[in-house]
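Remarks on the structure that follows.
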Amino acid sequence: MELLAVLDEAVAALKAPLSGEDRAQGWTDDLRREVQEEISINRSVLRRHGTGMVRHLRPRFDEWMEHEGVQPGRLRDLVGAVQRLLVEARATA
């Protein structure tokens, strides 16, 4: 799947209210908004300036979610996919 499409999917998923399952996995409304905002900023940079700008992005979502105690689940998997794709794109940029 294309990088920008995954970023779009993640932003949309993180804009939606948290489910009870998301909350049980450690997500809070503040964390959801902060992660969504960071992904949205990355998406905007890539759209405005081109995907070559990916080499300047330093995604650390895994560390952030680990620090916040977020457990595996739907949103963590999606945010993890965003990070993996950004890292892979950086390696080829």
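The values are calculated or read from the model by the stated rules, or taken from the named source; none is laboratory data. Everything numeric in this text was worked out from a predicted model, so none of it was measured. Positions of Cβ are generated from backbone atoms using ideal geometry, with glycine treated the same way; all protein chains shown enter the neighbour counts. Accessible surface areas use protein heavy atoms only, side chains included; no ligands, DNA or RNA. Shrake-Rupley method; radii C 1.70, N 1.55, O 1.52, S 1.80 Å.
See the values below:
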read-out: Flag if G69 is more than 12 Å from the chain's Cα centre (by Cα), under 24 Å from A93 (Cβ atoms) and in contact (Cβ under 8 Å) with a residue 24 or more places away in the chain; value: no
read-out: Where a residue in region 30-48 is closer than 12 Å to V79 by Cβ and its partner, wherever it lies, is assigned to a helix (DSSP H, G or I) and of a type in the set (D, E), with Cβ under 6 Å and at least six apart; value: L31/E68
read-out: Where L3 falls short, out of the listed (1) open to solvent by 20 Å² or more (accessible area, probe 1.4 Å); (2) at pLDDT 95 or above; value: (2)
read-out: Residue in region 67-93 that is surrounded by the fewest Cβ atoms within 10 Å (Cβ to Cβ), counting only those that are modelled with pLDDT of 95 or more and acidic (D, E); value: D77
read-out: Residue list for region 41-66, filter: closer than 15 Å to G80 by Cα, open to solvent by less than 30 Å² (accessible area, probe 1.4 Å) and either touching a Phe, Trp or Tyr at 6+ places or on another chain (Cβ under 7 Å) or in a helix (DSSP H, G or I) (or both); value: N42, F61, M65
read-out: Residues located in region 11-36, provided they are surrounded by fewer than 12 Cβ atoms within 10 Å (Cβ to Cβ) and closer than 29 Å to T92 by Cα; value: A12
